[in-house]
Ligand code: S3P
C-alpha cells in the first residue's frame, strides 16, 4: 500500500502551548466599527471534512477549511492514520483517504492540543478499527471529561487500555475488531458524543442508532448522507432527534465547501451591536438552524441584524448579515436553546452587559466542561469589569444595573479562545480598557481575529 510509505507524523503541527509564553492584550474603547468582512470556515465542518476525507477511498477536495490550530491537529491525526493530507493554497486542501476499515495504527501518540472536538470525533473513528491509539492534549484538554465518549464506545466493543483519573486524557484505546451496532441515548445534548458513536458505527454491521432529547448540530449526519451513507434523522419527542445509520457504507469522496463559522461571526456581530455608531456586514455566515441560537437571542434583545442575501452554498444556508449598533434589552434565554448556541454564551454575556435590564441564561451546565469552566470564567471576567451578575444553579444572570461603569479589569482566559475574544470585544465598548491575560489560544479557532477586528476599527494594544 503506497500510503504506508508516507510519513505519518502525529506530532503537533505547531508549537506546544504549554511552552509558549502568554500573549496578554488590552482592548480599548473604539470609534464606530464599519466595513465588510468574512470570517474563517466553520470549525465543526472543517474537522469533519478531514475525517470524511480519511474515511473515503480516493480524493476529497476541501475549500474554505479553517486553518486554526485545532483543525491542523485533526489533519495531523488523519495523516497518522494513513491519509495523505495536502495543503494546496490558503483554505484549499486535498485528502487522499483509505476508506472505512483500513486505517493504519498510528506510530506515536495523537496530540490534539486544545481540541475537544477533533479528539472526541477521532476516538469514534479509531474505535471502529482494530488498532491501538494513544490520545493526549494540552492542560485544558487533559481536564475535560472523556467518559461521555468512552462509555458508548465500550458498549460497541472498544477497549480502554489506560486512562487518567476521572476518565481523562492521556488515554489509550484499542478499537473494536468486530464493532457492535448499538442504540444509544446521549446523556447530554452533544454533537461530539453523537458523532463519535456514528463514526464508530460506520464499521459496524447493521444499524447504529443515536437518540438525543435535545437536537445538537447535525453536520455529521448531513455529511454522512452527502458522502453516500444510508442515514436518516427523525424527530424524537418535543426537541429531539433519532439518527439511524446503516453500517459499512462505501463513502464516496465529495467536494466540500466550508461555510463561514457562525461561532466566529458572533464576535464581530456583538462588537457592532455594542459599539455606538457601528454598521458592519459579515459575509456568507452559515445559518444552519441548529447553530443560530445567538442570532435569535440578539434579535429578541433588540439587535438590528438583517439578512441581506439568504442562499444555499455547499448544502448549508448562508447569509450576509448587516449589523448595526442597537440599544439592547435583557431577555430570558430558554434552556432548550442552549445546544444551538452552546459556544456563544461568553459573547452573549458581553452583549448582556450592555443591555438594559437583566438577561437570564438558563441551563448552562455544559459550559462547565468546555475549554475552561466557562460559566465560572465568564462570571469572573464580568466581576473583574464591574458588571453585575450572579450564578444561580446552572443559570447565569447578567446586568440590570443602569449607569454602571464597565471595564478596567484583567480577565483570566484559562487557555480558552472564546473567553479571550469575548472580553476583548467587551473592551471595545467599555468605559475603561479590558485586558486579557493570554490571546495565544485565539489561534485554535479564529487565527485572524485581531487583524479582522482591527480592520473594522477595533482598538487593541
Ligand atoms: C462541536 C460540538 C459542541 C461544541 C464544540 C463543537 C462539534 O460540543 O461546543 O465547539 O463540532 O461537534 P458538544 O457536542 O460537546 O456540546
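The table for this structure:
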| read-out | value |
| --- | --- |
| Filter pass, residue 278 being within 16 Å of the ligand (Cβ to nearest atom) and either modelled with pLDDT of 95 or more or closer than 24 Å to residue 313 by Cβ (or both) | no |
| One residue from 322, 283 being more than 25 Å from residue 218 (Cα to Cα), surrounded by fewer than 24 Cβ atoms within 10 Å (Cβ to Cβ) and either within 16 Å of the ligand (Cβ to nearest atom) or touching a residue at least 24 places away in the same chain (Cβ under 8 Å) (or both) | 322 |
| Residue 32 vs. criteria touching a strand residue (DSSP E or B) at 6+ places or on another chain (Cβ under 9 Å), modelled with pLDDT of 95 or more and within 16 Å of the ligand (Cβ to nearest atom) | no |
| When residues of the stretch 175-195 are limited to those that are outside any helix (DSSP H, G or I) and within 16 Å of the ligand (Cβ to nearest atom), the one nearest to residue 215 (Cα to Cα) | 189 |
| Meets criteria (more than 11 Å from the ligand (Cβ to nearest atom), outside the structural domain of residue 290 (by TED's automatic domain parsing) and free of Cβ contacts under 8 Å to residues at least 12 places away in the same chain) for residue 204 | no |
| Leading residue by the ranking (nearest to the ligand (Cβ to nearest atom)) among those in the stretch 382-395 that are surrounded by 15 or more Cβ atoms within 10 Å (Cβ to Cβ) and within 27 Å of residue 168 (Cα to Cα) | 394 |
| First in the stretch 117-134 and outside the structural domain of residue 167 (by TED's automatic domain parsing), second anywhere and within 12 Å of the ligand (Cβ to nearest atom) and not in a helix (DSSP H, G or I), Cβ under 9 Å, 6 or more apart | none |
| Qualifying strands (runs of 3 or more DSSP E) (wholly inside the stretch 13-110; at least 2 residues being crowded, with 23+ Cβ neighbours inside 10 Å) | 58-63, 92-97 |
| Residue 278 in contact (Cβ under 8 Å) with a residue 12 or more places away in the chain and more than 24 Å from the chain's Cα centre (by Cα) | yes |
| Any chance residue 220 is near the ligand (Cβ under 10 Å from one of its atoms) and either touching a strand residue (DSSP E or B) at 6+ places or on another chain (Cβ under 8 Å) or under 26 Å from residue 107 (Cβ atoms) (or both) | no |
| In the stretch 152-174, the residues that are in a loop (DSSP other than H, G, I, E, B) and either away from the ligand (no atom under 16 Å from the Cβ) or in contact (Cβ under 8 Å) with a residue 24 or more places away in the chain (or both) | 156, 157, 158, 165, 166 |
| Residue within the stretch 235-255 that is closer than 28 Å to residue 452 by Cα and more than 17 Å from the chain's Cα centre (by Cα) present | yes |
| Unique match (being surrounded by 22 or more Cβ atoms within 10 Å (Cβ to Cβ) and more than 15 Å from residue 263 (Cβ to Cβ)) among 351, 355, 335 | 355 |
| Residue selected from the stretch 358-379 under the condition buried (at least 21 other Cβ atoms within 10 Å of the Cβ) and part of a strand (DSSP E or B), by the criterion nearest to the chain's Cα centre (by Cα) | 361 |
| Hits in the stretch 207-223 - residues which are out of contact with any helix residue (DSSP H, G or I) (no Cβ under 7 Å at 6 or more places or on another chain) and either in the same structural domain as residue 340 (by TED's automatic domain parsing) or in contact (Cβ under 8 Å) with a residue 60 or more places away in the chain (or both) | 218, 222 |
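Residues are listed down the side, and each one gets a yes or a no for (1) in contact with a helix residue (DSSP H, G or I) (Cβ under 8 Å, 6 or more places away or on another chain); (2) under 20 Å from residue 144 (Cβ atoms); (3) outside the structural domain of residue 268 (by TED's automatic domain parsing); (4) without any contact (Cβ under 8 Å) to a residue 12 or more places away in the chain:
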| residue | (1), (2), (3), (4) |
| --- | --- |
| 361 | yes, no, no, no |
| 368 | yes, yes, no, yes |
| 394 | yes, yes, no, no |
| 419 | yes, yes, no, no |
| 423 | yes, no, no, no |
| 429 | yes, no, no, no |
| 433 | yes, no, no, no |
| 448 | no, no, no, no |
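Each row is one residue, and each column tells you yes or no for (1) within 27 Å of residue 368 (Cβ to Cβ); (2) within 16 Å of the ligand (Cβ to nearest atom); (3) at pLDDT below 95.
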residue	(1), (2), (3)
67	no, no, no
71	yes, yes, no
75	no, yes, no
80	no, no, no
103	no, no, no
108	no, no, no
112	yes, yes, no
118	yes, yes, no
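The values are calculated or read from the model by the stated rules, or taken from the named source; none is laboratory data. None of the values given here were measured: they were computed from a predicted structure. Every residue, glycine among them, receives a Cβ derived from its backbone with ideal geometry; neighbour counts consider all protein chains shown.
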